[in-house]
Amino acid sequence: MIPLRNQRPYWPLGITVALLLFAGGLVALIAFAVTSNSDLVVNDYYEQDLLYQRRIDRHARTEPFAERLRVSHDPALGKILIQLPSEHATLGTAGEIHLYRPSAAGLDRRWPLELNAVGMQILEARDLTPGLWQVKILWTAKGEEYYLDRRLVIAGAGGQGESPL
């Protein structure tokens with residue numbers, strides 16, 4: 001076999017190209033991480049975490065009423081229907097309804113809880129952005145706090161949204 005003297009080995013070039021591609025990818029990843037929006041949706045997450053046990057207790061008190069709790073959206077009427085236990089409506093129940101948008105904190109809405117005689121409240125939803133919302137209802141009845149947390153899909157004019165849980 002005759003040795004070829006004019007051919008150069010190309011493996012150093014291959015290693016150099018691989019390292020340059022790796023470094024370029026790393027720089028691109030760092031640039032993406034630095035420029036992406038990483039704001040927290042909730043500013044006081046630590047304080048909310050400390051209050052988590054109270055929330056668990058409220059959930060436990062609410063659980064016996066699970067069959068009678070309902071949160072649904074009617075896009076034709078542009079309304080959200082909330083149904084709580086009817087016996088809570090006659091006890092001077094006080095509370096708040098919070099519609100939480102996980103993807104954009106600036107879209108959150110709050111309403112005072114104002115149940116009718118059968119434990120129902122209807123909210124205007126025509127101006128809500130379609131998509132996933134978290135409905136959080138905190139109310140007090142008989143001196144006890146209750147808490148309902150349901151997912152609700154606000155649909156456009158074509159479909160109905162209802163809480164899956």
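The values are calculated or read from the model by the stated rules, or taken from the named source; none is laboratory data. All figures in this text were calculated on a predicted structure; none of them were measured in a lab. Backbone-built Cβ (ideal geometry, glycine too); neighbour counts: all protein chains shown.
Computed quantities for the displayed model
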| quantity | calculated |
| --- | --- |
| The stretch 77-92: number of residues that are in contact (Cβ under 8 Å) with a residue 60 or more places away in the chain and under 19 Å from K142 (Cβ atoms) | 1 |
| The stretch 75-107, residues that are charged (D, E, K, R) and at pLDDT below 90 | E87 |
| Verdict on L138 being in contact with a His (Cβ under 9 Å, 6 or more places away or on another chain), part of a loop (DSSP other than H, G, I, E, B), of a type outside the set (F, W, Y) and in contact (Cβ under 8 Å) with a residue 24 or more places away in the chain | no |
